Amino acid sequence: MLFGQKSEKGKYICDGQLSLDGIVFNEAEEQSDFNIPEPTADTIVKKSKKTGKHRGRKEIRADLETKKVVYELPNDEQICSICGEPLTEYTEEYITTRLAVIPEKVYQIEYYRKVYKCKNCDKNGEKANIVKADNKTPACIIKKGLPDASIVADTMQRKYQLGEPLYRQQQYWERRGIYLNRTSLANWIIKGAVWFDPVIRQLKYHAFLEPVLNADETPTRVLKKNGEPVNKKGQMWVICTGAAASRKIALYAYRESRSKKVAEELLKGYTGVVQTDGFQSYGSGEYKHSGCWSHNRRHFVDCIPKGDKKCPSAQIVALIDKAFHYEHELRKHKCSAKQILSVRKNKIKPLLDQIYAIIDTLRPSKGSHLYTAVTYARNQREKLYYFLDDPNVEMTNNLAEQTVKSYVINRKNFLFSDTEKGADASAAVMSIIETAKRNKLDVFGYLMHLLTVLPEWGKNPTDEQLESVMPWSKSLPDFCRQEYDEIKR
């Protein structure tokens with residue numbers, strides 16, 4: 001379970017070709033072909049969308065600054081070895097390209113303002129007229145605090161996107177002659193994250209307007225509550241808009257448990273469809289509830305004896321994989337809602353009916369893996385069939401699981417939050433970062449922009465101001481936008 005294969009790519013695809021209204025759904029091809037050429041440095045670069053060809057090494061990033069180095073002959077060697085006349089420059093020959101980096105520059109900003117006085121008033125013995133320039137210093141993230149928005153944004157990105165714990169950041173700064181202890185860095189994150197609250201409320205407002213939400217949760221450790229040690233694990237909840245949503249949003253929230261009461265609180269007022277892994281805390285709100293076929297599939301994968309591809313569980317997994325393949329092709333070809341519903345009714349539903357026909361024949365022993373798989377499938381049947389009638393709903397809850405995975409990976413680095421405030425700050429920063437990533441924004445740029453403008457607006461910004469910093473807003477500055485291709489996780 002720890003070191004084995006984590007991919008859920010199907011191994012039990014049934015034979016036969018899948019087709020739909022002129023669209024050919026090719027089955028998985030052979031996994032190896034010794035006739036294909038080996039990859040090269042050029043072919044491993046992503047293909048251009050315009051030409052369809054692989055981009056060369058010189059096009060790794062179109063917006064990168066380029067420094068040109070040209071080698072010349074020494075003056076005493078610029079003589080023709082044949083006739084003795086001086087050589088003249090003919091052309092330049094390209095040799096190679098190297099990718100280099102300059103470590104970030106750390107600097108301090110000292111703010112001053114000019115002070116003026118009237119010499120005439122001063123000369124005549126009258127009281128000097130002193131006039132000061134306006135104080136245009138950016139609002140403080142922390143009252144009378146040292147950090148600029150850029151360094152708080154950097155600290156947040158390092159911890160929550162790059163998974164770098166604060167003690168390592170402390171060591172990094174010490175090596176550069178700047179002695180920032182981890183307590184100060186933690187305070188910057190917690191106090192900085194408070195400014196995100198109105199933005200997150202606005203994001204939640206937009207999320208609840210979408211037809212589908214995906215939800216999941218994962219354990220997280222908090223060491224202290226109200227200053228007292230606690231042993232119980234809390235939960236980091238994730239709610240994100242579905243794949244078909246017009247607004248790409250991911251919201252995290254820390255709570256002490258994953259009880260039904262918490263689920264009702266987080267989803268209160270939502271009337272669309274919530275897709276989950278079938279956990280019993282969901283389903284008591286005003287929303288409709290859809291299930292996850294990936295979760296169902298995993299239970300049956302655990303029941304397959306090694307090398308046995310004919311047992312009932314293997315047959316069920318093969319049928320699920322075939323249904324997944326149809327779904328993948330529907331999304332790949334960007335089929336209309338009408339086409340999606342047609343394929344699901346005529347192609348996918350019969351596969352699901354076959355699955356439950358096999359399940360109905362099984363009588364597993366209580367406590368076995370198969371008993372768990374069969375019980376889950378029977379209890380979730382209505383929810384697992386729900387997607388057939390709604391083109392906006394996916395077949396799986398993988399979107400929420402992928403979103404919560406970002407936090408799980410980070411958790412392996414920082415292990416726990418010291419207090420509930422730290423866990424709440426983690427949820428707030430992760431919400432901003434993951435939403436920025438889903439909207440293909442530059443994470444550092446977006447964090448820095450928010451930490452610059454939100455303190456200027458105060459604790460109660462207007463709806464108009466908040467709309468101007470939404471990740472899809474056209475008024476975001478250029479440094480928030482990611483011009484290059486997003487790295488896929």
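Number of residues in segment 443-462 that are at pLDDT 95 or above and either in contact with an Asp or Glu (Cβ under 6 Å, 6 or more places away or on another chain) or among the charged types (D, E, K, R) (or both): the value is 0. Considering only residues that are more than 24 Å from Met470 (Cβ to Cβ) and β-branched (Val, Ile, Thr), look in segment 167-189 and name the one that is nearest to the chain's Cα centre (by Cα). Only one residue tops the list, namely Thr183. Residues that are out of contact with any Cys (no Cβ under 8 Å at 6 or more places or on another chain), aromatic (Phe, Trp, Tyr) and crowded, with 19+ Cβ neighbours inside 10 Å within segment 419-457 comprise just one, Phe444. Selection within segment 116-159: residues that are acidic (Asp, Glu) and loosely packed, with under 14 Cβ neighbours inside 10 Å. The member of this set that is farthest from Asn181 (Cα to Cα) is Glu126. Only one of the numbered conditions (1) of a type outside the set (A, V, I, L, M); (2) over 20 Å from Asp389 (Cβ atoms); (3) crowded, with 21+ Cβ neighbours inside 10 Å is violated by Arg344, and that is (2). Checking the stated criteria, Arg168 turns out not to satisfy the condition of being free of Cβ contacts under 8 Å to residues at least 60 places away in the same chain and in contact with a Phe, Trp or Tyr (Cβ under 6 Å, 6 or more places away or on another chain). Look at segment 61-87: where a residue is closer than 30 Å to Gln482 by Cα and a partner is at pLDDT below 85 and outside any loop (DSSP other than H, G, I, E, B), sitting 6+ places away or on another chain with Cβ atoms under 9 Å, you get Thr66/Lys58. Inside segment 109-134, residues that are touching a residue at least 24 places away in the same chain (Cβ under 8 Å) and of a type outside the set (Val, Ile, Thr) make up a count of 1. Flag not set for Tyr376, criterion: closer than 26 Å to Gly283 by Cα, part of a helix (DSSP H, G or I) and free of Cβ contacts under 8 Å to residues at least 40 places away in the same chain.
Against the list (1) surrounded by fewer than 22 Cβ atoms within 10 Å (Cβ to Cβ); (2) within 20 Å of Gly272 (Cβ to Cβ), the condition Leu384 fails is (1).
Does segment 207-225 contain at least one residue that is without any contact (Cβ under 8 Å) to a residue 40 or more places away in the chain, closer than 29 Å to Leu399 by Cβ and in a helix (DSSP H, G or I)? No; the residues of segment 207-225 include none that is without any contact (Cβ under 8 Å) to a residue 40 or more places away in the chain, closer than 29 Å to Leu399 by Cβ and in a helix (DSSP H, G or I).
Leu203 meets each of the listed conditions (1) over 19 Å from Thr419 (Cα atoms); (2) surrounded by fewer than 18 Cβ atoms within 10 Å (Cβ to Cβ) apart from (2). Looking at this structure, is Glu89 more than 30 Å from Gln169 (Cα to Cα), modelled with pLDDT under 80 and part of a loop (DSSP other than H, G, I, E, B)? In short, no. From the residues in segment 295-341 that are charged (D, E, K, R) and more than 25 Å from Gln402 (Cα to Cα), which one is nearest to the chain's Cα centre (by Cα)? My answer is Lys338.
Scanning segment 259-291 for residues that are more than 21 Å from Phe387 (Cβ to Cβ) and out of contact with any Ser or Thr (no Cβ under 9 Å at 6 or more places or on another chain) yields a count of 4. Only a single item in (1) in a loop (DSSP other than H, G, I, E, B); (2) within 30 Å of Tyr252 (Cβ to Cβ) is not met by Lys105, and it is number (2). Filter segment 349-368 down to the residues that are outside any helix (DSSP H, G or I) and either among the small types (Gly, Ala, Ser) or in contact (Cβ under 8 Å) with a residue 24 or more places away in the chain (or both) and list them by number. Correct list: Thr361, Leu362, Ser365, Gly367, Ser368.
The values are calculated or read from the model by the stated rules, or taken from the named source; none is laboratory data. What you see is a predicted model; the values in this text were computed from it and never measured. Please note: Cβ atoms are built from the backbone with ideal geometry, for glycine as well, and neighbour counts cover all protein chains shown.
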